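Below: one structure, written as structure tokens.
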Amino acid sequence: MIYLDNSASTIPDEEVLQTFTRANKTYYANPASLHLAGNKAEQLLESARKQIATLTGDSESSVIFTSGGTEANNLAIIGYANSLKHRGNHIITTEIEHDSVRNACIHLKKEGFEIEFLSVNEAGEVSPDELRQKIRKDTILVSIMHVNNEIGAIQPIEACSKVIREHSRALFHSDCVQSLGKLALPYPEWVDSVTLSAHKIHGLKGTGCLLTKKFKEPEAISFGGGQERGLRSGTANAPGAAAFAKAIRIIIEGDNFSDYKRWNNRLREVVGTEKLVRICSPLEGAPHILSVAFKGITGEVAVNYFQEHGIMVSTSSACSSKTNQVSHVIQAIHVPDDFRKGVIRISFGRMNTDEEIETLAQVIKEFMKIIKKGMKQHDME
Ligand SMILES: Cc1ncc(COP(=O)(O)O)c(C=O)c1O
């Protein structure tokens, strides 16, 4: 099986699995327990916290462990909105955020917050000028993702940060789930908080974090035993945190960026100037994601065809793949109507090889021939 759906989830790294298994055998106690076993688990948790803060650029950061990216984004969007509402109720985000930001914002709208969405150009990028026009003195929060999960567009975070700092006191959050290990994080220099998730970087599902600057934490949005300094109650997952720190260390020490770039170029070359195919990912986007649309067919048909040839890709995003609707990202970048439903996303990971990409290239060629034939027959009927 050739697995090319790494933006949905990755194959766990063997070393990460070993860390998790070893830690679970030794540090199984509840880190909040007072006895020695509890203390040991707590030490493991705190050591993972310190490692993650250091690896991501600021050893003083607050690392709030969560069950993944969705929970961390919810904590940031809803938690900051609530903690900053004494200053205003205006929030700015983009048209192409992951649903965990988008739907949290839609929830806040129902609660009385004013939400504005930045549009994107055909390359999926927001404009700092539009941000400048929209930002106000009462803007309390701006949330702009670093790398888009469907098309790989990279946002101009530095330029946006300068606009925000010049015109407001708003907090700047960035969802960095898809950029961790692929690009340098905009944190701590340009943003105040970022969301990270382990299972996108060959770590384990069920672990992620919100990383914030010291003293810039949001308000809690869930309640219980007060773990994570009251910001995320629930028994802490010390082995999961240790495995997450390991996954971050491995990915930061060297993901195969140049391979991704080469593979991305190879597939672009195969598709070439074929009129039946449209590449939705910008040329300057993150190279591990390539979104391609086929004319006049559905993404589901394409996914099934690749699957018959042993290749796993997804429609525009794994989240929207079962709803059969055109994703909000594909709509936002104005993919023409006859291509909109035929989008697939190919996403590379560390375990992929040149041979696998070449196999995919040949299968794409065959698939394009089949679509062409189908269209000619259709024209003759
Ligand atoms: C950009 C982005 N943000 C957030 C998430 C949610 O992360 P998780 O699956 O860890 O909840 C995803 C996962 O698809 C994502 O791609």
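Could you list, in sequence order, all residues of the range 204-233 that are under 17 Å from H146 (Cβ atoms) and either of a type in the set (V, I, T) or outside any strand (DSSP E or B) (or both)?
Residues satisfying the conditions are T212, K213.
Filter the range 205-219 down to the residues that are within 13 Å of P12 (Cα to Cα) and surrounded by 24 or more Cβ atoms within 10 Å (Cβ to Cβ) and list them by number.
T207, the sole residue that qualifies.
Of everything in the range 1-36 that's within 16 Å of the ligand (Cβ to nearest atom) and part of a loop (DSSP other than H, G, I, E, B), which residue is most open to solvent (accessible area, probe 1.4 Å)?
It comes out as I11.
Read through the list (1) more than 10 Å from the ligand (Cβ to nearest atom); (2) surrounded by fewer than 19 Cβ atoms within 10 Å (Cβ to Cβ); (3) more than 21 Å from Q331 (Cβ to Cβ); (4) touching a residue at least 24 places away in the same chain (Cβ under 8 Å), then give the number of the only condition that H86 fails.
Result: H86 passes all but (4).
Can you name every residue in the range 175-203 that is near the ligand (Cβ under 10 Å from one of its atoms), in a strand (DSSP E or B) and of a type outside the set (A, V, I, L, M, F, W, C)?
Listed by number, the residues that qualify are D175, T195, S197.
A quick yes/no check of all residues on (1) within 17 Å of the chain's Cα centre (by Cα); (2) in contact (Cβ under 8 Å) with a residue 24 or more places away in the chain; (3) within 23 Å of P12 (Cβ to Cβ):
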{"position": "K246", "(1), (2), (3)": "no, yes, yes"}
{"position": "P282", "(1), (2), (3)": "yes, yes, no"}
{"position": "A286", "(1), (2), (3)": "yes, yes, yes"}
{"position": "S291", "(1), (2), (3)": "yes, yes, no"}
{"position": "F294", "(1), (2), (3)": "no, yes, no"}
{"position": "Y305", "(1), (2), (3)": "no, yes, no"}
{"position": "I333", "(1), (2), (3)": "no, yes, no"}
{"position": "P336", "(1), (2), (3)": "no, yes, no"}
{"position": "F339", "(1), (2), (3)": "no, yes, no"}
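Does S161 satisfy the criteria of being open to solvent by less than 10 Å² (accessible area, probe 1.4 Å), under 23 Å from L84 (Cα atoms), assigned to a helix (DSSP H, G or I) and touching a residue at least 24 places away in the same chain (Cβ under 8 Å)?
In short, yes.
Please go through (1) open to solvent by less than 50 Å² (accessible area, probe 1.4 Å); (2) in contact (Cβ under 8 Å) with a residue 40 or more places away in the chain for G272 and return the number of the only condition it doesn't satisfy.
(2)
Does the range 101-112 contain any residue that is within 16 Å of the ligand (Cβ to nearest atom), under 24 Å from the mean Cα position of the chain (by Cα), without any contact (Cβ under 8 Å) to a residue 60 or more places away in the chain and assigned to a loop (DSSP other than H, G, I, E, B)?
no
Kindly check whether there is at least one residue in the range 349-363 that is in contact (Cβ under 8 Å) with a residue 40 or more places away in the chain and touching a Cys at 6+ places or on another chain (Cβ under 8 Å).
no
Only one of these is surrounded by fewer than 22 Cβ atoms within 10 Å (Cβ to Cβ), small (G, A, S), away from the ligand (no atom under 16 Å from the Cβ) and not in a strand (DSSP E or B): A53, A81, A48. Name it.
Unique residue meeting the criteria: A53.
Give the residue that is least open to solvent (accessible area, probe 1.4 Å), with candidates limited to residues of the range 56-78 that are acidic (D, E) and over 19 Å from the mean Cα position of the chain (by Cα).
Per the stated criteria, the residue is D58.
Rundown of residues vs (1) under 30 Å from N24 (Cβ atoms); (2) modelled with pLDDT under 95; (3) in contact with a Leu (Cβ under 8 Å, 6 or more places away or on another chain); (4) open to solvent by less than 50 Å² (accessible area, probe 1.4 Å), yes/no style:
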position	(1), (2), (3), (4)
A242	yes, no, yes, yes
A245	yes, no, yes, yes
R249	yes, no, yes, no
I252	yes, yes, yes, no
N256	yes, yes, no, yes
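For the range 299-338, enumerate the residues that are modelled with pLDDT of 95 or more, open to solvent by 50 Å² or more (accessible area, probe 1.4 Å) and in a loop (DSSP other than H, G, I, E, B).
H309, H334
Exactly one of these conditions fails for T195: (1) β-branched (V, I, T); (2) out of contact with any strand residue (DSSP E or B) (no Cβ under 9 Å at 6 or more places or on another chain); (3) buried (at least 23 other Cβ atoms within 10 Å of the Cβ). Give me its number.
The number of the failed condition is (2).
The values are calculated or read from the model by the stated rules, or taken from the named source; none is laboratory data. Small disclaimer: the values here were computed from a predicted structure and weren't measured. Using ideal geometry, Cβ is built from the backbone for each residue, glycine included, and neighbour counts are taken over all protein chains shown. Accessible surface is based on the protein model in full, side chains and every heavy atom, while ligands, DNA and RNA are left aside. Shrake-Rupley method; radii C 1.70, N 1.55, O 1.52, S 1.80 Å.
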